[in-house]
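A.B. asks: Before we start, here is the structure in question, set down as structure tokens.
The values are calculated or read from the model by the stated rules, or taken from the named source; none is laboratory data. The shown structure was predicted, so the numbers you read here are calculated from the model rather than taken from an experiment. Here Cβ is always computed from backbone atoms with ideal geometry, including for glycine, and neighbour counts include all displayed protein chains.
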């Protein structure tokens, strides 16, 4: 398997997709809803996913594709090479703000992350990693993650999880929010994961994400020595929705032990 060639093509296609999205800023979007009124999808989400699929099918016809908008394959396992695509992660931000969204592309072989690319289109920032070769922001190497404590950390966490909700007992998250230096929420799992990778935030927690939300970020963070698990501390499966908890090694261990161990996640 020529992973250097795959890496080259992936970066080339992500940059081309980003250029197409930038051109759409002055266009009128066709906006539809999916599972609920706030689960939005645009014609651009669909067009970009189909763009990636056409490129992958033409060059790598034996590779599998898992995409948010459903134009890829239906997978029962991760055997072989699988491309996991979120064409626009943070669609609500894309619609309302035209920023704080990203293209997310993770490439896995037999369930192991090989390549991760997250492109912040508005800021023209491409975060990328190839397993065993470090992680980069554009062409600048990212530094390995440093350990931190809860009291000196900024944690990315949606406010939904510290107010009454259907998924968890919100009281479980209150001590963590109280003890942290601060919390942030950006509305894009891909960006929140690269913010962990760059140290802009120290941890990111979410109750339910899909494989294409986290596949690319997991490769980047693990390449820098960070941990990516669910809220039970288990390895992600990348075949179903799951919770997510990612942080530098020391913070991951301390939050898991001191704040998350009693939860039913």
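A.B. asks: Could you look through region 195-225, keep only residues that are in contact with a helix residue (DSSP H, G or I) (Cβ under 7 Å, 6 or more places away or on another chain) and in a loop (DSSP other than H, G, I, E, B), and pick out the one that is surrounded by the most Cβ atoms within 10 Å (Cβ to Cβ)? Break it down stepwise before answering.
C.D. replies: Step one: of region 195-225, the residues in contact with a helix residue (DSSP H, G or I) (Cβ under 7 Å, 6 or more places away or on another chain) are 196-197, 201-204, 206-207, 209, 213-214, 216-217, 220-221, 224-225.
Narrowing the set further to residues that are in a loop (DSSP other than H, G, I, E, B) leaves 201-202, 224-225.
On the way: 201: 24, 202: 29, 224: 20, 225: 14.
Per the stated criteria, the residue is 202.
A.B. asks: While we're here: Taking only region 87-121 into account, find how many residues are touching a helix residue (DSSP H, G or I) at 6+ places or on another chain (Cβ under 8 Å) and assigned to a loop (DSSP other than H, G, I, E, B). I'd like the intermediate steps shown before the answer.
C.D. replies: Kept after step one, since they are touching a helix residue (DSSP H, G or I) at 6+ places or on another chain (Cβ under 8 Å), are these residues of region 87-121: 87-91, 94, 98-108, 113-121.
Next cut, assigned to a loop (DSSP other than H, G, I, E, B) only: 90, 98-101, 121.
Qualifying residue count for the region: 6.
A.B. asks: Any chance you could count how many residues in region 132-149 are buried (at least 17 other Cβ atoms within 10 Å of the Cβ), touching a strand residue (DSSP E or B) at 6+ places or on another chain (Cβ under 6 Å) and either assigned to a loop (DSSP other than H, G, I, E, B) or at pLDDT below 95 (or both)?
C.D. replies: 1
A.B. asks: Could you tell me whether residue 238 is at pLDDT 95 or above and either surrounded by 14 or more Cβ atoms within 10 Å (Cβ to Cβ) or not assigned by TED's automatic domain parsing to the domain that holds residue 128 (or both)? Break it down stepwise before answering.
C.D. replies: Numbers: at pLDDT 95 or above: no; either surrounded by 14 or more Cβ atoms within 10 Å (Cβ to Cβ) or not assigned by TED's automatic domain parsing to the domain that holds residue 128 (or both): yes.
Answer is no for this residue.
A.B. asks: Would you mind telling me which numbered condition in (1) crowded, with 18+ Cβ neighbours inside 10 Å; (2) touching a residue at least 60 places away in the same chain (Cβ under 8 Å) residue 75 fails?
C.D. replies: In the conditions (1) crowded, with 18+ Cβ neighbours inside 10 Å; (2) touching a residue at least 60 places away in the same chain (Cβ under 8 Å), residue 75 misses (1) alone.
A.B. asks: Go through the residues of region 178-194 one by one and say whether even a single one is touching a helix residue (DSSP H, G or I) at 6+ places or on another chain (Cβ under 6 Å), over 20 Å from residue 85 (Cα atoms) and in a helix (DSSP H, G or I).
C.D. replies: Looking through region 178-194, at least one residue is touching a helix residue (DSSP H, G or I) at 6+ places or on another chain (Cβ under 6 Å), over 20 Å from residue 85 (Cα atoms) and in a helix (DSSP H, G or I).
A.B. asks: Examine region 169-189 for a residue that is under 26 Å from residue 97 (Cβ atoms) and without any contact (Cβ under 8 Å) to a residue 12 or more places away in the chain, and state whether such a residue exists.
C.D. replies: No; the residues of region 169-189 include none that is under 26 Å from residue 97 (Cβ atoms) and without any contact (Cβ under 8 Å) to a residue 12 or more places away in the chain.
For (1) surrounded by 14 or more Cβ atoms within 10 Å (Cβ to Cβ); (2) under 22 Å from residue 192 (Cβ atoms), each residue gets a yes or a no:
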| site | (1), (2) |
| --- | --- |
| 65 | yes, no |
| 85 | yes, yes |
| 91 | yes, yes |
| 112 | no, no |
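A.B. asks: Can you name every residue in region 42-64 that is at pLDDT 95 or above and closer than 17 Å to residue 104 by Cα? Quick ask: steps written out before the conclusion?
C.D. replies: Here is the first cut: in region 42-64, the ones at pLDDT 95 or above are 51-64.
Within region 42-64, 51, 52, 53, 54, 55, 56, 64 meet the criteria.
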